[in-house]
Amino acid sequence: MSKRDYYDVLGVQRSAEASEIKSAYRKLAIKYHPDRNPGNQEAEDKFKEAAEAYEVLSNPEKRQRYDQFGHAGNSASGGFGGGGMNMEDIFSQFGDVFGGGNPFESFFGGGGGSSRGGRRVQRGSNLRIKVKLTLEEIAKGVEKKVKVNKQVQCGTCDGTGAKDKSSYHTCKTCGGSGAVRRVTNTILGQMQTTSTCPTCNGEGVEVTAKCTTCKGDGLVRGEETISINIPAGVSEGMQLSMGGKGNAAPRGGVPGDLIILVEEVPHESLKRDGINVIYDLYVNFPDAALGTSVEIPTIDGKAKIKIEPGTQAGKILRLKGKGLPEVNSYHKGDQLVYVNVWTPKVVSKEEKELLEKLKGSSNFKPQPGRSEKSFFERIREYFE
């Protein structure tokens, strides 16, 4: 099923300011929050959909890619952008929309059914890699498998950073919520404030003895083979993002993103110009005058084209639809063939004598509108 337009999801115009986008997401998040709609799968789906839309539209770079390329620029189906967000991602990333702490506490009177409460979930850092693509791969799209060296969860302690299970327990100060609440009596009545737990720094757990493998970090260096689905039509310098494929975070936190920078490998014969490709074709005098058929390279392989009699240097031949596709579109560019008439740099004595003899011929001089066929026929007959 195709994804809905992110602007439609949030109910804002494409020209909406950041504050409008934030406000629209806040309203939807409150409306469809799981604590307000327990057991309602449809509400949970809409909650995730709104968070995914906000994750893209609240980020200037991701929003620019989305405006230009649609879902292909931040494609969830291809593994890019905000797709695949789980509830942990949403609660950890967008708490600032509601002013910190437990983002929904002030609306639902405490965490309700949510086990997260005000617990601070750490986020792993993003990784950046370059992926080299040939023109043929760009034309059709490609799946690339790359080995990424990054931080992964420690296998000894399962990312907890603790020496053993007895060394890893719920924080006694905050009871695992990651936040402490204080009630103050004022002239307006009792006021409740929430702040990060000073004992566990908001994580909700305490580690009394560190893991000897990771030294308590919960992370070690590791290697992961990742499959990247590159959509057709990408270009040099374009960045794609795979959510959750960056560095891992300790104690079950949210992994960072993997940022993929596209790098084009130059083609031996073809040059790229946007969605068009260019090929420089060189023909000799006789072929340009008399016409011929030549085989040229294209992205899809070899193609035979006809050179009409009397073709002039600088003529551009167009092969419709033989270029590159636009990202997230069915439109394709063309292949442009630039005709160059080749002039020999070195001629034999016999050839020079012939050319000197023909130099005075009227057919040898440029005369727009007149055919030079007879001249080139004589040249061809001589060399044959």
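The values are calculated or read from the model by the stated rules, or taken from the named source; none is laboratory data. Predicted model only: the values in this text are computed from it and were never measured. Methodologically, a virtual Cβ is constructed for each residue, glycine included, from the backbone with ideal geometry; neighbour enumeration extends over all protein chains shown. Accessible surface is based on the protein model in full, side chains and every heavy atom, while ligands, DNA and RNA are left aside. Shrake-Rupley method; radii C 1.70, N 1.55, O 1.52, S 1.80 Å.
When Val131, Val146 are checked against the criterion of being part of a strand (DSSP E or B), touching an Asp or Glu at 6+ places or on another chain (Cβ under 8 Å), at pLDDT 55 or above and not acidic (Asp, Glu), a single residue qualifies: Val131. Residue count for region 1-31, restricted to those that are of a type in the set (Ser, Thr, Tyr), open to solvent by 40 Å² or more (accessible area, probe 1.4 Å) and touching a His at 6+ places or on another chain (Cβ under 9 Å): 1.
Given the criteria open to solvent by less than 40 Å² (accessible area, probe 1.4 Å), within 30 Å of Thr343 (Cβ to Cβ) and not basic (Lys, Arg), does Val234 qualify? Criteria not met by Val234. Listed by first and then second residue, the pairs linking a residue in region 32-45 that is open to solvent by less than 80 Å² (accessible area, probe 1.4 Å) to a residue that is small (Gly, Ala, Ser) and modelled with pLDDT of 85 or more, with Cβ atoms under 9 Å apart and 6 or more places separating them unless they lie on different chains, are Tyr32/Ala43; Tyr32/Ala50; His33/Ala43; Pro34/Ala43; Asn37/Ala43. Taking region 153-216 as the region of interest, the strands (runs of 3 or more DSSP E) fully inside it that hold 2 or more residues being basic (Lys, Arg) and surrounded by fewer than 22 Cβ atoms within 10 Å (Cβ to Cβ) are 179-186.
The residue of region 322-364 that is farthest from Gly310 (Cα to Cα), among those that are among the hydrophobic types (A, V, I, L, M, F, W, C) and open to solvent by 70 Å² or more (accessible area, probe 1.4 Å), is Val346. Taking (1) crowded, with 18+ Cβ neighbours inside 10 Å; (2) at pLDDT 85 or above; (3) outside any helix (DSSP H, G or I) in turn, Glu137 satisfies each apart from (3).
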